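Let me begin by presenting the structure, written as structure tokens, before commenting on it.
The values are calculated or read from the model by the stated rules, or taken from the named source; none is laboratory data. In this text the structure is predicted, and so the values were computed from the model without any measurement. Here Cβ is always computed from backbone atoms with ideal geometry, including for glycine, and neighbour counts include all displayed protein chains. Please note that ligands, DNA and RNA were not included when accessible areas were found on the heavy atoms of the full protein model with its side chains. Shrake-Rupley method; radii C 1.70, N 1.55, O 1.52, S 1.80 Å.
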Amino acid sequence: RQRVLLWGVLLAAWEAAWGQLRYSVSEEMPKGSFVGDVAKDLGLQLPALRDRGVPVVPEGRTQYFALHEKTGHLVTAERIDREQLCRLMEKCVLRCELIVKGQMQVYRIEVEITDINDNAPSFREAEKDLRLSEKTAPGSRFSLVEAHDPDLGRNSLQSYELSGDEHFSLAVQEGPGGHQRPELVLAKALDREEAAFHELVLRASDGGDPARTGTARIRVTVLDANDNAPVFSQAEYTVRVPEDVPVGSVLVTVTATDTDEGLNGHVKYCFQKILDRDSELLYLDSETGEITVKNDLDFEETSSHELEVQARDGGELSDRAKVVIIVTDVNDNVPKISVRSALNEISEDSPSGTVVALLHVQDRDSGTNGEVRCSLDGDVPFRLEKSLEDYYHVVTARELDREQEPEYNVTVRAVDGGRPALQSSTVLALRVLDVNDNAPVFAQERYSARLWENNAAGALVLRVRATDADWGQNARVRYRLAEGRVRGAPLSSYVSVQAETGALTVGPLDFEEKSKYNFGLGARDGGGLTDNCKVQIDVTDENDNAPEI
């Protein structure tokens with residue numbers, strides 16, 4: 001037993017490593033029922049689940065499972081009916097995908113829905129009327145309405161019983177696919193004068209514990225003789241139709257003939273065996289035998305329909321024929337692009353190959369109609385990389401430059417292989433964040449100005465200007481004087497610069513004291529990058545000194 005447990009743990013670890021988990025749960029469990037401990041099996045931390053969000057994406061249109069954020073358990077999102085989902089399939093498996101957004105990771109989960117005995121056998125017709133001639137020979141057999149139980153295995157239909165009259169007995173034949181066909185056998189000759197009517201009860205039972213049953217009442221009316229049964233022109237009718245065939249179109253016409261005359265030779269048609277869903281799609285004209293489309297067919301839902309048609313004359317003799325309607329695919333589904341996870345902003349210094357989005361692309365058509373090609377519109381610095389069979393990563397193809405392109409609207413386009421092709425697109429909006437990769441640059445390398453001596457204190461001499469191609473704080477430029485001294489005093493006691501505007505002002509200057517000032521000026525942005533320029537101020541002499549003897 002320890003080896004079995006160890007093997008199970010190793011298998012779960014192997015499957016989790018490859019992004020695949022498998023669980024099973026019984027059908028009809030209430031909403032919120034436990035399916036599996038996803039967090040434990042994948043090694044995910046519960047705080048990360050709550051903070052980042054881990055959506056469960058269904059394979060189809062209905063959300064059958066959800067992730068409990070507090071426990072990390074996969075639970076049912078609604079009550080699941082295996083018979084409604086899988087119908088004739090022996091193994092019912094629902095698939096979904098777990099998207100871990102923070103890791104840009106996809107995990108696939110398969111959940112097998114196991115059967116319970118939640119359906120009793122039922123008859124399409126709760127009452128059946130048979131009209132038999134009193135000359136009907138003992139041993140004659142008559143088809144009875146069949147019961148249907150959508151459960152599987154022992155829970156499905158197992159047996160029939162007949163009660164009510166010594167004139168009749170029950171025989172059960174095995175039809176195609178192993179299903180049981182009940183037949184009414186005339187065990188004793190009829191006598192209309194003795195009994196004109198016979199009341200019977202047909203009971204169908206499944207193998208569940210406890211067993212479930214369904215009943216149908218059979219009323220036999222004794223009539224005059226009917227010598228010939230209807231005969232179909234062929235035992236099986238097969239037809240291929242496109243899924244977009246218009247409602248009301250005739251798909252196939254079944255034909256049976258009866259050589260009797262009058263009421264005994266008048267043939268009527270009915271469905272002897274048909275699934276409930278097929279009965280919503282197909283209509284059989286009881287007089288002409290035409291089978292027409294009642295509602296739209298859908299290849300993606302059901303690619304073939306198998307049914308049995310009965311031809312019955314006025315004396316209750318009958319024949320059966322099998323009808324197979326094969327639905328062919330039409331390119332009627334547009335490729336669907338789903339954004340599973342995406343960034344809305346990216347730094348301009350992100351390396352090539354950075355993932356910005358995780359996309360899922362699906363086309364419900366089959367064959368060439370379902371083959372999808374994806375591409376990006378325009379000349380953008382991004383490319384598509386395929387991850388899983390129908391998942392794509394959008395990644396950077398080269399380095400970004402915010403100064404050239406501050407934002408991108410990336411159009412992803414999906415085109416299928418149909419003729420004509422169908423396509424869809426989605427747009428990813430991405431803003432490029434600034435990095436301080438540009439130093440400020442002065443408009444001039446050298447600035448010069450001239451003013452008269454004895455100027456007013458704080459006189460504006462000139463304005464310097466430096467620009468920075470970056471954004472925000474990285475582009476904010478401040479100015480400062482270079483270190484220096486004039487006649488032993490700091491340069492700043494003669495000249496000053498306004499840090500925000502670059503306005504250069506001076507105090508009162510004296511030509512006789514100094515006629516030319518040369519100094520440096522620096523500009524620094526918010527990220528610490530700098531540039532420098534040279535400034536020269538020439539002082540013009542005024543006649544402000546009298547001659548001295």
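Results, tabulated for the structure shown:
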{"item": "Given (1) under 30 Å from ARG141 (Cα atoms); (2) open to solvent by less than 40 Å² (accessible area, probe 1.4 Å); (3) among the charged types (D, E, K, R), number of the condition ARG340 does not satisfy", "result": "(1)"}
{"item": "Hits in the stretch 269-290 - residues which are assigned to a strand (DSSP E or B) and in contact with a Phe, Trp or Tyr (Cβ under 7 Å, 6 or more places away or on another chain)", "result": "LEU284"}
{"item": "LEU422, sole failed condition from (1) more than 27 Å from ASN543 (Cα to Cα); (2) surrounded by fewer than 16 Cβ atoms within 10 Å (Cβ to Cβ)", "result": "(2)"}
{"item": "Every residue from the stretch 71-94 that is at pLDDT 85 or above and over 21 Å from the mean Cα position of the chain (by Cα)", "result": "THR71, GLY72, HIS73, LYS91"}
{"item": "Boolean, LEU400 is loosely packed, with under 15 Cβ neighbours inside 10 Å and either in the same structural domain as LYS534 (by the TED database) or in a loop (DSSP other than H, G, I, E, B) (or both)", "result": "no"}
{"item": "Members of the stretch 103-131 that are modelled with pLDDT of 85 or more and farther than 30 Å from SER205 by Cβ", "result": "VAL106, TYR107, ARG108, ILE109, GLU110, VAL111"}
{"item": "Qualifying positions in the stretch 398-420 - of a type in the set (Gly, Ala, Ser) and more than 19 Å from HIS360 (Cα to Cα)", "result": "GLY418"}
{"item": "Residue list for the stretch 456-493, filter: outside any strand (DSSP E or B) and farther than 24 Å from ALA443 by Cβ", "result": "ALA456, ALA457, ARG487, GLY488, SER493"}
{"item": "Residue in the stretch 237-259 that is within 30 Å of LEU433 (Cβ to Cβ) and either surrounded by 20 or more Cβ atoms within 10 Å (Cβ to Cβ) or touching a residue at least 12 places away in the same chain (Cβ under 8 Å) (or both) present", "result": "no"}
{"item": "Residue check for VAL497: closer than 17 Å to ASN455 by Cβ, open to solvent by less than 60 Å² (accessible area, probe 1.4 Å) and at pLDDT 90 or above", "result": "yes"}
{"item": "Strands (runs of 3 or more DSSP E) contained entirely in the stretch 500-549, each with at least 1 residues that are in contact (Cβ under 8 Å) with a residue 40 or more places away in the chain and open to solvent by 40 Å² or more (accessible area, probe 1.4 Å)", "result": "516-524, 530-540"}
{"item": "Tally, over the stretch 360-392, of residues that are farther than 17 Å from ASN331 by Cβ and either part of a loop (DSSP other than H, G, I, E, B) or touching a residue at least 60 places away in the same chain (Cβ under 8 Å) (or both)", "result": "11"}
{"item": "Test result for GLU445, touching a residue at least 60 places away in the same chain (Cβ under 8 Å), touching a strand residue (DSSP E or B) at 6+ places or on another chain (Cβ under 8 Å) and more than 16 Å from ALA523 (Cα to Cα)", "result": "no"}
{"item": "Any hit, the stretch 292-302, residues being without any contact (Cβ under 8 Å) to a residue 40 or more places away in the chain, not assigned by the TED database to the domain that holds ASP363 and not aliphatic (A, V, I, L, M)", "result": "yes"}
{"item": "Cβ-Cβ under 7 Å pairs, at least 6 apart or on other chains, the stretch 193-215 side more than 11 Å from SER156 (Cβ to Cβ) and at pLDDT 90 or above, far side acidic (Asp, Glu) and not in a strand (DSSP E or B)", "result": "HIS198/ASP165; LEU200/ASP165"}
